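The values are calculated or read from the model by the stated rules, or taken from the named source; none is laboratory data. Note that the structure is predicted; figures quoted are calculated from it, not measured. In this analysis, Cβ positions are derived from the backbone assuming ideal geometry, glycine residues included, and neighbour counts consider all displayed protein chains.
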Amino acid sequence: MNSSVFSILLIRHGRPDLPEPYKSISSYLRSYDESVITPDSNSVPPPGLISRASTINRWFCSCLPRARSSLALLAPTVDPVVSDLFQEAALPEIEKPHLSPLPFWLALSRWRWMQGRLPASESYPECRARARKGVDLLVDGMQSHTVTALMGHGFFNFLLSKELKKRGWQLKQSGQGFWSLRILTQGED
């Protein structure tokens with residue numbers, strides 16, 4: 001018996017070109033959320049991702065500018081389903097000591113938010129519930145398509161991946177960083 005293998009590709013956006021230094025984490029987060037990816041921003045999709053993009057039957061995309069502009073660079077002719085369900089989990093705004101590195105404070109902020117110790121516009125349980133709805137949209141939106149992709153964000157793609165695995169999808173590839181790719185499959189040859 002020959003059945004189809006269904007694949008969902010979760011792709012993180014490219015590297016935004018952001019000015020530095022930042023006066024506060026809140027100014028960094030604002031700039032990051034408003035940023036776009038352009039060919040001259042020193043962030044282009046890797047060749048392997050470009051060739052894989054041509055095999056994708058159905059596209060979804062976060063509503064945030066960095067995801068939409070990344071998809072426009074990767075696959076300029078596609079007409080994706082754009083949804084705010086796929087936007088990145090908001091980080092709470094905390095003030096960091098001036099001399100400490102920004103990545104440390106961003107990671108600490110995310111960790112404390114996950115534990116419920118820092119308020120944000122969306123709690124961690126609310127974000128996980130949104131990820132479940134996002135997975136519903138991805139799976140239902142596949143219809144007869146065997147390969148579906150989302151241009152999204154690092155942490156939220158991680159939450160989507162966890163939810164897909166709970167539903168029986170197999171993680172075949174995992175990556176981190178800008179333009180990273182997570183591939184999950186279901187079905188067998």
Legend entry - Answer residue from segment 86-113, given it is in a loop (DSSP other than H, G, I, E, B) and surrounded by fewer than 11 Cβ atoms within 10 Å (Cβ to Cβ) and is modelled with the lowest pLDDT among those: Leu99
Inset, instruction - All but one of (1) over 18 Å from the mean Cα position of the chain (by Cα); (2) at pLDDT 85 or above; (3) crowded, with 16+ Cβ neighbours inside 10 Å hold for Cys127, so report the exception by its number. - result: (1)
Inset, instruction - Within segment 175-189, work out how many residues are at pLDDT 95 or above and of a type in the set (Gly, Ala, Ser). - result: 1
Inset, instruction - Determine whether segment 43-55 contains at least one residue that is hydroxyl-bearing (Ser, Thr, Tyr), over 28 Å from Gln186 (Cβ atoms) and surrounded by 17 or more Cβ atoms within 10 Å (Cβ to Cβ). - result: yes
Inset, instruction - Give me the pairs, please: first residue somewhere in segment 135-147 and within 17 Å of Asn157 (Cβ to Cβ) and touching a residue at least 24 places away in the same chain (Cβ under 8 Å), second residue anywhere and of a type in the set (Asp, Glu) and loosely packed, with under 15 Cβ neighbours inside 10 Å, beta-carbon distance under 7 Å, and either six or more positions apart or on two chains. - result: none
Legend entry - Unmet criterion (only one of (1) within 21 Å of Lys162 (Cα to Cα); (2) in contact with a Pro (Cβ under 9 Å, 6 or more places away or on another chain); (3) assigned to a helix (DSSP H, G or I); (4) not β-branched (Val, Ile, Thr)) for Leu73: (1)
Legend entry - Test result for Asp140, exposed (fewer than 14 other Cβ atoms within 10 Å of the Cβ), at pLDDT 95 or above and part of a helix (DSSP H, G or I): no
Inset, instruction - Within segment 3-15, identify whether any single residue is assigned to a helix (DSSP H, G or I) and in contact (Cβ under 8 Å) with a residue 40 or more places away in the chain, and answer yes or no. - result: no
Legend entry - Contacts under 8 angstrom Cβ, first residue in segment 163-189 being farther than 27 Å from Ser35 by Cα and touching a residue at least 60 places away in the same chain (Cβ under 8 Å), partner among the basic types (Lys, Arg) and in a helix (DSSP H, G or I), 6 or more apart: Leu184/Lys165
Legend entry - Scan of segment 153-187 for residues that are over 26 Å from Trp111 (Cβ atoms) and assigned to a strand (DSSP E or B), ordered by number: Gln170, Lys172, Ile183, Thr185, Gln186
Legend entry - Matching residues, segment 19-65, being touching a strand residue (DSSP E or B) at 6+ places or on another chain (Cβ under 9 Å) and charged (D, E, K, R): Arg52, Arg58
Inset, instruction - Name the residue, out of Leu150, Leu118, that is of a type in the set (A, V, I, L, M), touching a strand residue (DSSP E or B) at 6+ places or on another chain (Cβ under 9 Å) and outside any helix (DSSP H, G or I). - result: Leu150
